[in-house]
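Trainee: Got a structure here, written out as structure tokens. Questions coming.
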């Protein structure tokens, strides 16, 4: 298979198994369900559909896991962007409570799926730490922790000293530890999902961009560079790489680049000096910095990056410099990889499920929580495609809404990132 675009130069390729063979769609084919987008959501939905005996085809413009699904920070973070109280107040006592129970359980569902399928992806349950970088942030994080604890979730509040012990730096005012969280190699995970879906009977066509989507009697017709796929139902799961295939959909989200730098495997004396439990850490701030230690002892530092593709850690020196601020013992350590990919951010920061017709489903807007949330919601998307509206979802179905002045989003993102970094540094 010839890729439309090369895989970003991530460090995960050093440890991930080879991608499964996925030939380009050629000629005219038919299927019960067509999925556009071969990331975690598309692949996991295809897996569940195939295991239920449904004929399903995945169309992926490049290779499975090529986008953010195989290039993210590898964090399995529970929950949504908003606190549990806000979720319930926004969506009501029934749906809101189901959303909380579902979203905070997504790492458990992901670890269970990995174990059931036997996917080798360095899955590690080291917990998720939300660290407060300022006194103001401490209050917000502590509020979140109290709400989670009140609901019986496996959450602990760590004071400054306990946070220092967990992270190896005294930069934080405290942190919330959720024991359900963890991390993995996302490229290995995505490829493992693809292999499992194929083994279950799904057809995955890589190097096959969906060029045109047209309604027809009894379903949809999808035009690709070398063929046509006719399907009774469709799922669009293109997230940060959403284009104009479905009119107006691209204008409902903002694609932003999240970048990651990785060190060489750290020397044992350095490795033993911080992050020994290998938690997934993300800072509480307007512009999130996140990091973890992988299974080979490399430090991965992530955050908002340049609004263009990068291929070297030199392009995100602000992240590598910040790492040395947190842990001075890293001075002189070699940073070997730097890469990024596009995430989808919605204006309201909620994940968006659209159902424009009974035979069309859309899932977009992971908002940086795509691994666990995408894995878990995929099972429900499969249920919806199989059983229709009678199958209840634990996330809301909403109407698409275009973002005003969407054409200017690159300028807006740059300005917001700069403003956010300044305010974070000032602790405001």
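We did not get these values from a lab; they are worked out from the coordinates using the rules stated. Bear in mind the structure is a predicted one, so any value in this text is a computation, not a measurement. Please note: Cβ atoms are built from the backbone with ideal geometry, for glycine as well, and neighbour counts cover all protein chains shown.
Trainee: Could you put 116, 267, 203 in order, starting from the residue whose Cβ has the fewest other Cβ atoms within 10 Å?
Mentor: 116, 267, 203
Trainee: Only residues of the stretch 248-266 count here: report those whose backbone N is under 20 Å from the spot 7 Å along Cα→Cβ of residue 317, or say none.
Mentor: Within reach of a label on residue 317: 259-264.
Trainee: Return the FRET efficiency for the residue pair residue 243, residue 276: r is the Cβ-Cβ distance, R0 is 45 Å, and the value is rounded to the nearest 0.05.
Mentor: Details: r = 44 Å, r/R0 = 0.97.
In this case the efficiency is close to 0.55.
Trainee: Quick check on the exposure proxy: order 243, 105, 294 from fewest to most C-beta atoms within 10 angstrom.
Mentor: Exposure proxy ranking, most exposed first: 243, 105, 294.
Trainee: Rank the residues 88, 379 as a footprinting-exposure proxy: fewest other Cβ atoms within 10 Å of their Cβ go first.
Mentor: 379, 88
Trainee: Say R0 is 25 Å: what FRET efficiency, to the nearest 0.05, do residue 399 and residue 52 get from their beta-carbon distance? Walk me through the numbers on the way to the answer.
Mentor: Numbers: r = 28 Å, r/R0 = 1.14.
For R0 = 25 Å, the calculated efficiency reads 0.30.
Trainee: Between residue 94 and residue 347, what's the calculated FRET efficiency when r is the beta-carbon distance and R0 is 25 Å? Round to 0.05.
Mentor: Working: r = 25 Å, r/R0 = 0.99.
Step by step, r from the Cβ atoms, then E = 0.50.
Trainee: Where the centroid of each part is defined by its Cα atoms, how far is the stretch 15-65 from the stretch 184-216 in Å?
Mentor: So the two Cα centres are separated by 3 Å.
Trainee: Cα centroids of the stretch 70-138 and the stretch 338-388: how far apart, whole angstrom?
Mentor: So the two Cα centres are separated by 15 Å.
Trainee: Test of understanding: what is the full-extension gain from residue 150 to residue 267, defined as 0.36 nm times their sequence separation minus their Cα-Cα distance?
Mentor: Working: separation 117, 0.36 × 117 = 42.12 nm, distance 4.11 nm.
Going from the current span to full extension adds 38.0 nm.
Trainee: Using 0.36 nm per residue of separation minus the Cα-Cα distance, give me the extension gain between residue 170 and residue 308 in nm, one decimal.
Mentor: 46.4 nm
Trainee: Which semi-axis lengths, in whole Å and largest first, follow from the square roots of five times the eigenvalues of the Cα gyration tensor of the stretch 189-297?
Mentor: Over the Cα atoms of the stretch 189-297, the semi-axes work out to 41, 20, 12 Å.
Trainee: Would you compute, from DSSP H runs of 4+ residues alone, the mean residue ellipticity of the chain at 222 nm, taking -39500 (n - 2.57) per run and dividing by the full residue count, rounded to the nearest 500? Before the final figure, lay out the partial values.
Mentor: On the way: 11 runs with 132 residues, N = 428.
So the helix-based figure for the chain works out to -9500 deg cm²/dmol.
Trainee: Can you give the relative contact order of the stretch 286-336 as a percent, counting alpha carbon pairs under 8 Å and 6+ residues apart?
Mentor: The value is 25 percent.
Trainee: When only alpha-carbon atoms are used, what values of Rg and Dmax, in angstrom, describe the chain?
Mentor: Calculated on Cα positions, Rg and Dmax stand at 20.9, 66 Å.
Trainee: Among bridges DSSP assigns within the chain, what percent are antiparallel (round to 5)?
Mentor: On the way: 48 of 73 bridges.
In the chain, DSSP labels about 65 percent of beta bridges as antiparallel.
Trainee: Mind checking the full-extension length gain between residue 81 and residue 379? Use 0.36 nm per residue of separation minus the Cα-Cα distance, one decimal, nm. Intermediate results must be reported in sequence, preceding the final value.
Mentor: Numbers: separation 298, 0.36 × 298 = 107.28 nm, distance 2.11 nm.
Extra length from residue 81 to residue 379 when fully extended: 105.2 nm.
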